[in-house]
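Structure record follows, encoded as structure tokens.
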Amino acid sequence: MICDPALKNRIKRTQGQMQGVLKMMESDSGCLDILIQLKAIRAGIDKAIGVLTTSNLIQMIEKTKNIKINNLDDAIDLIVKGIK
């Protein structure tokens, strides 16, 4: 599977957020602050899963049907926002 650079950046951003949460825990930040960050991480991962899944689906259709699918950004956004 060919991964979009934007998806890779999303994963890297999530990795940075996780490191930030660990630092918050080490510096005795408040529970609410940590919880907010963890929820943001979860939302980012959920979106990454949606983007990865839909990208893979498109790639498989294009490969097996030997066609090029264009202009699906709005449809993909709707799918990704609906996943939870």
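Bear in mind these aren't lab numbers, they're just calculated from the coordinates by the rules spelled out. What you are looking at is a predicted structure, and each value in this text was computed from that prediction instead of being measured. Cβ placement follows ideal geometry from the backbone for every residue including glycine, while neighbour counts extend to all protein chains displayed.
Across the stretch 1-60, the qualifying residues are those that are among the β-branched types (Val, Ile, Thr) and more than 28 Å from Ile76 (Cβ to Cβ), and the one among them that is nearest to the chain's Cα centre (by Cα) is Val21. Of all residue pairs spaced 6 or more apart or on separate chains, none has beta-carbon atoms under 6 Å together with a first member in the stretch 4-27 that is at positive phi and without any contact (Cβ under 8 Å) to a residue 40 or more places away in the chain and a second member that is outside any helix (DSSP H, G or I) and aliphatic (A, V, I, L, M).
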